[in-house]
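Note sheet for the following structure.
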Amino acid sequence: MSAGHDFDPTILREYDIRGIVGDTLSAEDATAIGRAYGSILVRDGGKKVAVGRDGRLSSPEMAQALADGLASTGLEVADIGQCPTPQLYFAVHHLEADGGIMVTGSHNPPDYNGFKMMFGTGPFFGDDIQKLGALAAAGDFVVADGEIRQTDTHDAYLDRLMEGYAGSRQLSVVWDCGNGAAGPVVRDICTRLPSSHSVLYIEVDGTFPNHHPDPSVPENLADLITTVRDGGADVGIAFDGDGDRIGLVDDEGEMLFGDQLLMLLAEDVLKTHPGATIIGDVKASQVLYDHVAAHGGTPLMWRTGHSLIKVKMKEVDSPLAGEMSGHVFFRDRYYGFDDALYAAVRVLEILANRDEKLSDWRKRLPDLFNTPEIRIDCADTKKFGAIDAVKAYLAAQDGIDVSEVDGVRVNTAYGWWLLRASNTQAVLVARCESTSADGLERLKDDLRSALVAADVEVPAL
């Protein structure tokens, strides 16, 4: 037994490991993660692991410390260098590795960093991460001599992104890389797609000097929207810091939300997979599920979280899934992991094969009255208990239709409201949607009553 290593408990999260560099996360933690994960992989018969990193200032040091830890367990470490997260996922398949770890802080502020992990070609999350923490604390590491090899997968990844592209006309496209890790791949996509391209903030810069790299927040798309409108472009595409979430803006500069993007993609996928199951998360509009059914698909509402969605897709043989946050998963013609760059190529293929403008398609969608995602501060020690209290409150009501797939989603004659505990932050997440303004206010009142019953401070709604 080696000396054990204790992590700050706040960094061992449901879907990944993530913390503040120099505060809750250090290079020593990265080495311990490598030793613990490597020990688990070696004991399972693994021999090779891929490692990538995003463009954050702390990522080179973190990636080197991680690779050293992995190699100390006897593994061959394929270091693919700086890249978007989906390129690391691709590398695990392409290199026939037994697992992979991406060093990334995703869309968090610049002082964050973390680790997204694969075991085989599936996600490593939840109980797996807790077991990793326990193994590290016990110092139960495998000790053997491994090696680190620099491995270039950029061109192979680019080839795979473009494989099968069949757009029939040229487009005018604006890209916003947000100074994130997607930039170098976007640069080369532009040389391969026969369209007019304008690219914003392509330089990888871990300080994110132009705007925060979270494309689900409308304020972060301001420059993209202006450029699309001023240039008369067909579409604008944005990425988060590590390239696994996409944002979309139509030709009028209007933002399409994650569920609307999934509707567009589902129409196309269902042409070749009639009757297939299309998965959305619990935060998505009811319009998504109705739209999938109307186009001959089988809609399935599932829990929020990229790892959970990937597992469910494989279980029900779904060719397409997505989340409101902009994670999009293709098993149709692809691997089933969330890849915003691949999703972008598929969107462009769809638009290049239609005469209709994206804005015209959007305008045909039903008009709804809804709230944005409402985030309510609630301590990690209290948030799941609060949801249990809301469930008890609802159980005492008559004639209420409640889904408990993820938190509670309450369906009424005038719309629906959602309350769930975040798996990554100390917050409760709420959302309401109705077909009328009066209905939306009734839903907000219903939500307020549930929060009061759970002894949660009611925010402005």
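The values are calculated or read from the model by the stated rules, or taken from the named source; none is laboratory data. This is a predicted model, so every value here is computed, not measured. Here Cβ is always computed from backbone atoms with ideal geometry, including for glycine, and neighbour counts include all displayed protein chains. The protein model used for the area step is the full one, side chains on, heavy atoms only, and it has no ligands, DNA or RNA in it. Shrake-Rupley method; radii C 1.70, N 1.55, O 1.52, S 1.80 Å.
Just checking, which of Ile309, Ile279 is under 23 Å from Ser422 (Cβ atoms), outside any helix (DSSP H, G or I) and open to solvent by less than 10 Å² (accessible area, probe 1.4 Å)?
One residue alone meets the criteria, Ile279.
Identify, from the list Asp6, Asp23, the residue that is closer than 13 Å to Ala137 by Cβ and open to solvent by 10 Å² or more (accessible area, probe 1.4 Å).
Asp6
If you go through the range 305-354, how many residues are in contact with a Lys or Arg (Cβ under 7 Å, 6 or more places away or on another chain) and charged (D, E, K, R)?
Of the residues in that region, 0 qualify.
Take the range 139-168 and flag every residue that is under 20 Å from Ala63 (Cα atoms), acidic (Asp, Glu) and open to solvent by 90 Å² or more (accessible area, probe 1.4 Å).
Asp145, Asp152
In the range 50-62, what residues are touching a helix residue (DSSP H, G or I) at 6+ places or on another chain (Cβ under 9 Å) and surrounded by fewer than 24 Cβ atoms within 10 Å (Cβ to Cβ)?
Ser58, Glu61
Only residues that are open to solvent by less than 50 Å² (accessible area, probe 1.4 Å) and farther than 14 Å from Ile101 by Cβ: list them for the range 122-136, please.
Gly126, Gly133, Leu135, Ala136
Of the residues that sit in the range 338-373 and are touching a strand residue (DSSP E or B) at 6+ places or on another chain (Cβ under 8 Å) and over 29 Å from Pro86 (Cβ atoms), which one is least open to solvent (accessible area, probe 1.4 Å)?
Looking at the filtered set, the residue picked out is Thr371.
Restricting to the range 5-29, give me the number of residues that are hydrophobic (A, V, I, L, M, F, W, C) and part of a strand (DSSP E or B).
Counting residues in the range 5-29 that are hydrophobic (A, V, I, L, M, F, W, C) and part of a strand (DSSP E or B) gives 5.
State all residues of the range 169-194 that are part of a loop (DSSP other than H, G, I, E, B), surrounded by 16 or more Cβ atoms within 10 Å (Cβ to Cβ) and in contact with a helix residue (DSSP H, G or I) (Cβ under 7 Å, 6 or more places away or on another chain); if no residue qualifies, say none.
Leu171, Cys177, Ala182, Leu193
Do you know which residues across the range 433-445 are open to solvent by 50 Å² or more (accessible area, probe 1.4 Å), of a type outside the set (Ser, Thr, Tyr) and touching a residue at least 12 places away in the same chain (Cβ under 8 Å)?
Hits for the range 433-445 are Ala437, Asp438, Arg442.
Does the range 214-235 contain any residue that is open to solvent by less than 10 Å² (accessible area, probe 1.4 Å) and farther than 25 Å from Asp367 by Cα?
no
Among Met263, Met301, Met324, which is in contact (Cβ under 8 Å) with a residue 60 or more places away in the chain and part of a helix (DSSP H, G or I)?
Step by step, each of Met263, Met301, Met324 is checked, and only Met263 is in contact (Cβ under 8 Å) with a residue 60 or more places away in the chain and part of a helix (DSSP H, G or I).
In the set Val410, Val405, which member is buried (at least 19 other Cβ atoms within 10 Å of the Cβ) and in contact (Cβ under 8 Å) with a residue 24 or more places away in the chain?
Step by step, each of Val410, Val405 is checked, and only Val410 is buried (at least 19 other Cβ atoms within 10 Å of the Cβ) and in contact (Cβ under 8 Å) with a residue 24 or more places away in the chain.
Need at least 3 residues that are within 16 Å of the chain's Cα centre (by Cα) per element, so show me which strands (runs of 3 or more DSSP E) inside the range 50-126 make the cut, counting only ones lying wholly within it.
99-103, 112-119
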